[in-house]
Amino acid sequence: MGTQSGESGESGESGESGESGESGESGEFIRSGSFVGARARISTREGVVGPWQDLTYAPPNYSSGPGALDLWSRPVRIRILQAEMLSGIYYDDGSQSVGVKYQYRGQAEQTLMHMIRPGDEDFRKQLIYLHHYAALRMERSGEIMVEVNDILSFLGAVGFLHPNRTPHLLELLSLVLRTTGLIEMRVKHALACRRPVEYSPQIQPMISTPGHGSLPSGHATESFAAAFVFYALICLAKQDDNDDDDDDDDDDGGGGGDNSSNNSNNNNNNNNNDVEIDEDDQTFMQLMRIAERVAINRTVAGLHFPVDSAAGMVLGITLAEFYIARFSGCGQPYARTFNGPNFKGDFSYEEILKKSLPPEQGTNHTGDYVGDPLNISSSDLLQHLWEQALAECKLMLNGP
């Protein structure tokens, strides 16, 4: 499965390795990319083209709009959609903090995330966790090496992903990873946190430490962002299937009649604000556990502190809500704050989740990290891909 994770996060150095370099299109069979191939085409044309003939028919130009995305190659679509996802996002750097802000098309400025850097002593106290986690290196070495450049195949083991059967779903989740990677890298730059190996010579990471800052963990940010977006698609696909079943029941019992009310209800359900998290749902639980394991494996490897993963998860949730709203208009995004000096102990997704969701969304939730609700408008361009991915998700869950 051609997936991307580290291309934009922790591995960062390799760039877009899944897209064969800068152009991303050199692998297409119609491009020879060589002097011999070019000469062959020149001589072929000279042998077959014949005298010039005036056109008797000129095809109309393409229609612009979201549907034009289907005309372009995948790397081009990714770039267009990534530009759309990043539109309106900017950063407010402080001496020990950074704000990720959003302002779009004349709307009021909104702060998506405010992150405060831990102190040197906070990082020093966390070194003991890396020492203990190092005992797992041999056991988890296979996972760690694959996860350097691949997150989606692990998430795809929970919700079925296949490049031929769910190409748009994979494209959307890859887009989430790439966009998140750019945002997280800008946040890392603003906070400029040292890596564990810079504190102690006993850390001795099992793989090379990436050439950028430590907090937030890119693998944590990306894996949780993708997991939450994936779960939202699964939830909406299930909701739409239940709505269709209800409509069928109504039709069977009511005879003919006007379908306009049913269509209206379907539209409301497709665009409602209910992307509810069921923490006891095995799909949600397994996606969270995999994202957590990906994050913790970076601590096992000696590359990240537990606080890096906690900060990454909070940023990942915040960005996931933002993406879902931009893609579909669904859900309710919230602003969040992560105060690094206040984080103590080891990383656990369940503990971070309790503080990252509003208290009314789950039992024992404190909402410590949660701020005001945000008003984020959807994008027609992004919605085009979302609807294609959602249709694939419905097909996988419900059949034709």
Computed on alpha carbon atoms, what radius of gyration and Dmax characterise the stretch 159-212, expressed in Å?
16.8, 48
What's the carbon and sulfur percent of the stretch 91-156's accessible surface, probe 1.4 angstrom, rounded to a whole number?
53 percent
In the stretch 318-395, what percent of the accessible surface is made up of carbon and sulfur (1.4 Å probe, ligands and nucleic acids excluded)?
45 percent
Taking K and R as +1 and D and E as -1, what net charge do the other residues with C-beta under 13 Å from the C-beta of residue 154 add up to?
-2
Expressed in square angstrom to the nearest 10, the accessible area of residue 114 with a 1.4 Å probe stands at 70 Å²
Straight distance only, please: which lysines reach the Cα of residue 394 with their own Cα at less than 22 Å, same-chain residues fewer than 8 apart left out?
238
Counting heavy atoms of the protein chains only and a 1.4 Å probe, report the per residue accessible area for the stretch 283-400 as a whole number of Å².
33 Å²
Over the stretch 56-98, give the accessible area per residue in Å² for a 1.4 Å probe, as an integer.
61 Å²
Trypsin sites (Lys or Arg not before Pro) within the stretch 98-193, DSSP loop, no more than 16 other Cβ atoms inside 10 Å:
105, 165
Per residue, in Å², the accessible surface of the stretch 124-205 once ligands and nucleic acids are set aside, probe 1.4 Å
47 Å²
Pop out the carbon and sulfur fraction of the accessible area of the stretch 157-228 as a percent, whole number, probe 1.4 Å.
51 percent
Which entries in 125/188; 101/344; 125/355; 101/125; 101/188; 188/344 show an alpha-carbon gap greater than 24 Å?
101/344; 101/125
Between the stretch 354-376 and the stretch 302-325, what is the separation of their alpha carbon centroids in Å?
15 Å
Globularity index of the stretch 57-135, i.e. its alpha-carbon radius of gyration over 2.2 N^0.38 Å:
1.93
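The values are calculated or read from the model by the stated rules, or taken from the named source; none is laboratory data. Bear in mind that the values here come from a model prediction, so they are computed numbers and not experimental data. With ideal geometry, Cβ positions are generated from the backbone for all residues, glycine too; neighbour counts draw on all protein chains shown. These area figures cover heavy atoms from the full protein model, side chains too; ligands, DNA and RNA do not enter into them. Shrake-Rupley method; radii C 1.70, N 1.55, O 1.52, S 1.80 Å.
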